1. With contacts defined as alpha carbon pairs under 8 Å and 6 or more residues apart, what's the relative contact order of the chain in percent?
2. Under a cut-off of 14 Å between alpha-carbon atoms, report the aspartates and glutamates in cross-link reach of residue 276, not counting same-chain residues fewer than 8 places apart.
3. What's the Kirkwood radius of the stretch 100-206 in Å, using all Cα pairs?
4. Relative to the present Cα-Cα distance, how much length would full extension add between residue 540 and residue 312 at 0.36 nm per residue of separation?
5. When the convex hull of the Cα atoms of the stretch 532-579 is projected onto a plane and the area is averaged over all directions, what value comes out in nm²?
6. Relative to the compact globular guide of 2.2 N^0.38 Å, what is the alpha carbon radius of gyration of the chain, as a ratio?
7. Can you compute 3J(HN,Hα) from phi for each residue in the stretch 23-40, using the Karplus curve 6.51 cos²θ - 1.76 cosθ + 1.60 with θ = phi - 60°, rounded to whole Hz and x for Gly and Pro?
8. Tell me the angle of helix 148-160 to the major Cα principal axis of the chain, expressed in degrees between 0 and 90 and rounded to the nearest ten.
Amino acid sequence: MKPKFLSIIVLIVLISETLAAQSWREIKTVEDICKAYPNQMQTMLNQFNLNLPGLEKVKEAQKAGNLAGACFNLLDYYKKSGNAGHLLKEQPSKTDKTNAEADTTLKNVFIVQNVRGEVLWLPNGHRDWHYKGPNNDREWAWLSNRHSQLFQVYQAYLETGNPKYAEYIDEFIRDFIIAGWPYPAEKSSTSVWRGLEVSFRAKVWPAIFYGMLNSDYLSPATRLLILSSLPGHAHYNRNFHGGNNWLTMEISALATVATNFPEYKNSPEWLEYSVKTMTESMKGQVYPDGVQTELTSHYHNVSLHNFVLFKEICDRANYPLPEFFNKTIEQMYSYIAHAVRPDGNRILNNDGDRGSDVNLILEGAEKYRQPEWEYIATNGKSGVKPADGPSYFYPWAGQLISRSGFDNDAHWSFFDVGPWGSGHQHNDKMHISVAAFGRDLLVDAGRFAYTGAVAEKFRPYASGTQGHNSVLFDGKGQQADILVTDKPLSEKHWKITPEFDYAWNSFDKYIDIEGKVKHTRTLLYVRDNFWVIADSIKTDRPRKIDVLWHWHPDCSVHIAGDKTVSTQNERGNLKIIPASNLKWKVKNVKGAEDPELQGWYSEEYNKFEPNFVTIYSTTIEKDAVFFWTLIPYEKEIDEFVAVPISIGSMSVAFAVVQKNKGNWELTIPFSDSSQAKVEFAK
């Protein structure tokens, strides 16, 4: 083919793309959409059961070959249907009020997990819906295509009545749906057609469709585009959904479409499938103690939210759920209430973010009439003081939550002795987090990011043992372990009494380790006083050992001449006293990148900052046992002595003396909780 003809073809393509770009903006009426996309509109009509009462006119018009008439009558039906009463909104009065966050979105600047990116226009006149943000992060593209930013604009419209928000919604949806045709009808991980994004849109669009049902700003063409696209979204979530928390999101979206649009031919089957699949999934992904099997506070909450949403969907549709479904939701709320830190923030573990669970707990307390949860969430300001606690052990999850009480200044710790988890795991067996006096002290490093530049740098650190308060052997961290356990930890692993809490477990799988090594860690918390941790190492050869203590970034950390380490905060402190016959080398590291990453903390996805990590290092020739006493205090600490009295093969005797408080003698077993004992003398 000659170059001249190639140039002509390219020119024709460019002209056609320009015309298409102009045309989609101008498509607003029923006649416009039927003229521009007759095949898509006919396919849409074929998705409906036109034999249902109220759809007679739609059926007659379609049968007569009057496509526009059928579509007009369909929209008229929805205005009168009475569907989705919970989504219907009274239209706001017109004003010129604005919302700063929504105004940012109107500039096509989306803020996704703390990263701001501007979605540009392509030569074809559509936005670049595959744009991966300024860090070329596919997670950014995925999350931007969930349309949470569009829902925010929708809320801004309802709050302000400013037409510019409604007009943006109308144009945004038209652009997205037309640019995304055709629906691929296959499992995908592209920026637009991945299961989670599909599920989120399938929840956002119905809210907008019904919420703006009586608004002149949402054009008839956009309404028909939503009705044409939702069956594809439902089909995707029905046929290509994932498992665990993905399943809860995708299947709740399927039920959302089925119940809000019962006129689709497949809606009855979608709802039946949703109930069957969701109930079976709940059995498989929530342990009998109420903890979601990924063992990540963040995704526990995600699953809970979608289980609750699913129950609300079925309740509105008068579709009964098994009794255990409701009971499991209650247990999931219960776990959150009893695991929460005194300041109201959740556990930061595995791929989670630190954040407040107070409103979620109060929501559960109201739904299930549990004033004890309210008491915990409000630090006793309201509700009823729990008859149990204040510490709790979850034997399937393998988590010990220790507390001195329910007040804001209470001691709190999280000790992880459970399985690896079914997803979003970190190699963090025997990690401990500590908070006291309203302050985080010892912390998990966090999750940083999944993809993009932040993940490339920090992901191995985030998920590795080196980002947790555990032990490295010859510089090596833990390997993957059991995904999901088929039995709880026996009572030999834990004990809770009014005076103390106790738990232990062992681990022996390390990455590229030579020979054999086994780490057993026990924790004994003397209520309202201190923690003692005993580490027992079994090894078949000499080992270099690094014991890590990661501090919250707000903590100022000091190493004393006796190799104790303590914070120097104005209020809320912790002192760590090592005890053994080993010769420790101790150092603080903060924000290190060379020779390896160490001393970094991520409170929230895509956020990170340096923090102090205290590293105790030594070499052992054979089996060894060593101890750590962790003493929380508000501002100053009295003289404190902590030493082992005797070390046996099954347990140790340990003495603690604190000036002005008294003497404690602890029996700390390595494998049998029944032997754990605390004796106190003034």
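The values are calculated or read from the model by the stated rules, or taken from the named source; none is laboratory data. For clarity, every value in this text was computed on a predicted model and none was experimentally measured. For neighbour counting, all protein chains shown are included, and Cβ atoms are generated from backbone atoms with ideal geometry for every residue, glycine included. Note: accessible area is taken over every heavy atom of the protein model, side chains too, but ligands, DNA and RNA are not part of it. Shrake-Rupley method; radii C 1.70, N 1.55, O 1.52, S 1.80 Å.
1. Relative contact order of the chain: 8 percent.
2. Reachable aspartates and glutamates: 250, 323.
3. Hydrodynamic radius (Kirkwood, Cα only) of the stretch 100-206 equals 14.2 Å.
4. Going from the current span to full extension adds 76.4 nm.
5. That works out to 4.7 nm², a quarter of the Cα hull's surface.
6. With N residues counted in the chain, Rg over 2.2 N^0.38 Å equals 1.12.
7. 5, 5, 5, 8, 7, 10, 8, 4, 4, 4, 5, 6, 6, 6, 9, x, 5, 5
8. 70 degrees
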